[in-house]
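Here's the structure, in structure tokens; my notes come after.
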Amino acid sequence: MDLGVRWKLHGDGRTPAPGAVVRPDERLSWPRTVGLGAQHVVAMFGASFVAPVLMGLDPNLAIMMSGVATVIFLLATRGRIPSYLGCSLSFVGVAAVIRAQGGTSATVTGAVFVVGVALFLAGLAVQRFGARIIHVTMPPIVTGAVVMLIGFNLAPVTASTYWPQDQWTALLVMLFTGLAVVCLRGFWSRIAIFLGLLFGYGLSWASDRVLGKIHSVDASGKVTDHWRLDFSGVGKAEWIGLPSFHGPSFQWSAILVALPVVIALVAENAGHIKAVGEMTGHRLDDKLGTAISADGVASMLSTAVGGPPNTTYSENIGVMAATRVYSTAAYWAAAGFALLFGVCPKFGAVVAAIPGGVLGGITVILYGMIGLLGAQIWINAEVDLRNPLNLVPAAAGIIIGVGNVSMKFGEHFTLSGIALGTLVVITGYHALGALAPAHLKPQEPLLDEGTSTYDEEEGRREEDQRAKS
């Protein structure tokens, strides 16, 4: 069985040949490959470590399970799709809502485990029926609206939790990170979040030394005099040790809040497959279902032991585009580094010590970018928002999601925010579509247009087989 763990040496093993790329089944020399693996870890560091902290989960366990998830993904796709699976930011809002309802870390991971199951089943459906099943159930107007409301639903978390802890640090970190994203080039722009964290650490340390303690709300929400940067936990942490594990707990109210994120994860995987296929010049459409299922299995395994869910990372696509190296060997090296970081509690303690003001500046940009990805889906698919069939359900669902509107059904069941907004978008679009006149039902492109060729080829093969029989 070919597991995709054999690589041919590309050229002299030093650099890609002029005009060529290092394909997934090729590699450079092992020292260079290991170096590229470390570069991929740095690229995903910012988001992959910030996300578990924002979700209230163990960052050491998060990085360890991201390495495990990457290995699962590479094996499942037979080494054809170079990708790193890191903690998904799409679940940050879900975690905040669940905790606001009294949920624990076990409740969060239990709800997300069910999302992993749903993602796995979605991947099987794509394998069986082709990518058109995505288009039928989740056309671009629906997908974009759900991604948008998930991102913008997070705004109150920044406004009420992180920003007030140190507003001036938050403002400066936001400005620095924005400048890094826009003004830096190549690899440096890809690690702008990481650079923003480093800047925030340095600024908080300097502010403590020059200005002393700050009088503001702390992480628990109490107004006190406290240090911006507290390294007391770092000194107590061991250098080597396993992260803390816990099992999931399942509550229907939490599961319903988390399930809409499946739509965002399908969109992320589809976009990743298309981007890598275009950059390498090899069609990967036939691996879309496998990639989605592998992401689901990896998320199930991670959340089963108390870790966060995982998804493909666009930051790593940027590294591949800059280096022209798409070797999956580099991702095996990155997974190895992640596993090593995962067994270093002192490293996790440094991450957990990120000051609230720094998170305030980072999340302003991160959360907004998540929401605007929904708009990008609309633009890429050329969704016509002048069409009331598109406009009405999207508008209603986004306002419900962003405004955290709620509806009570009896004494013990409530739908609100992300869950209710997603339900309104999906059911509203399909219900109105069934009643709308024909001229309001234009043919829209697939969520990921690159998969349409795969569907057509599958159809031709089935017709050929029927003709032969």
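Whats the longest run of the chain with zero GluC sites (Glu not before Pro) that are DSSP loop and have at most 16 other Cβ atoms within 10 Å?
That would be 1-237.
Rounded to the nearest 0.05, what FRET efficiency do residue 252 and residue 198 have when you use their Cβ-Cβ distance and R0 = 56 Å?
0.85
Could you give the accessible area per residue of segment 90-182, probe 1.4 Å, as a whole number in Å²?
Per residue, segment 90-182 has 37 Å² of solvent-accessible surface.
Given H placed 1.01 Å from N in the peptide plane, which residues other than close sequence neighbours of residue 88 have an amide H under 5 Å from its amide H?
Under 5 Å from the amide H of residue 88: 310, 311.
Once you've got the Cα coordinates, tell me which of 8/274; 222/346; 8/346 are over 29 Å apart.
Beyond 29 Å: 8/346.
Want the number for residue 441 to residue 379: 0.36 nm per residue separation, take away the alpha-carbon distance, what's left?
That works out to 20.5 nm of additional length.
If I compute solvent accessible area with a 1.4 Å probe over the protein chains, what percent of it on the chain is carbon and sulfur?
64
So for segment 44-148, Kirkwood radius off the Cα pairs, Stokes-Einstein at 20 °C and 1.002 mPa s: how many µm² s⁻¹?
138
Please identify the longest segment of the chain free of exposed trypsin sites (Lys or Arg not before Pro), where exposed means a DSSP state other than H, G, I, E or B and no more than 16 other Cβ atoms within 10 Å.
15-184
How large are Rg and Dmax for segment 54-94 when only the alpha carbon atoms are used, in Å?
Reported Rg and Dmax, both Å: 11.8, 34.
Whose amide H sits under 5 Å from the amide H of residue 343, counting only residues 5 or more places off or on another chain, with H placed in the peptide plane?
Here nothing satisfies the definition.
Report the residues of segment 245-266 in range of a label on residue 99: point 7 Å along Cα→C-beta, backbone N strictly under 19 Å from it.
245-251, 253-259, 261
Residue-wise, which Karplus ³J(HN,Hα) couplings in Hz belong to segment 222-227, taking 6.51 cos²θ - 1.76 cosθ + 1.60, θ = phi - 60°, and x for glycine or proline?
So the J values, rounded to whole Hz, are 8, 7, 9, 8, 8, 6.
Between residue 155 and residue 129, how high is the FRET efficiency from 1/(1 + (r/R0)^6) when r is the Cβ-Cβ distance and R₀ = 41 Å? Nearest 0.05.
On the way: r = 37 Å, r/R0 = 0.90.
About 0.65, to the nearest 0.05.
Divide by every residue of the chain the summed helix terms, -39500 (n - 2.57) for each DSSP H run of at least 4, and state the resulting mean residue ellipticity at 222 nm, rounded to the nearest 500 deg cm²/dmol.
Details: 20 runs with 299 residues, N = 469.
Value at 222 nm, helices only: -21000 deg cm²/dmol.
What are the residues whose amide H is under 5 Å from the amide H of residue 26, where those residues sit 5 or more places off or on another chain and H is modelled from the backbone?
Counting only residues 5 or more places away or on other chains, the set is 8, 328.
Quick check: residue separation of residue 3 and residue 431 times 0.36 nm, minus the Cα distance between them. What number comes out in nm?
Stretched out fully, the residue 3 to residue 431 stretch lengthens by 149.6 nm.
Ordered by residue, what ³J(HN,Hα) values in Hz, to whole numbers, does segment 131-148 give under the Karplus form 6.51 cos²θ - 1.76 cosθ + 1.60, where θ = phi - 60° and Gly and Pro are x?
Working through the residues one at a time gives 5, 5, 5, 5, 5, 5, 8, 9, x, x, 4, 6, 4, x, 5, 5, 4, 5 Hz.
What FRET efficiency comes out for the pair residue 369/residue 392, r = Cβ-Cβ distance, R0 = 30 Å, nearest 0.05?
Numbers: r = 26 Å, r/R0 = 0.88.
My answer for the efficiency is 0.70.
Measuring from label point to label point, each 7 Å out along Cα→Cβ, what is the residue 210 to residue 407 span in nm?
5.3
The values are calculated or read from the model by the stated rules, or taken from the named source; none is laboratory data. Everything numeric in this text was worked out from a predicted model, so none of it was measured. Reconstructed Cβ throughout: ideal geometry from the backbone, glycine too, with neighbour counts over all protein chains shown. Quick note on the areas: whole protein, heavy atoms, side chains included, nothing else; ligands and nucleic acids left out. Shrake-Rupley method; radii C 1.70, N 1.55, O 1.52, S 1.80 Å.
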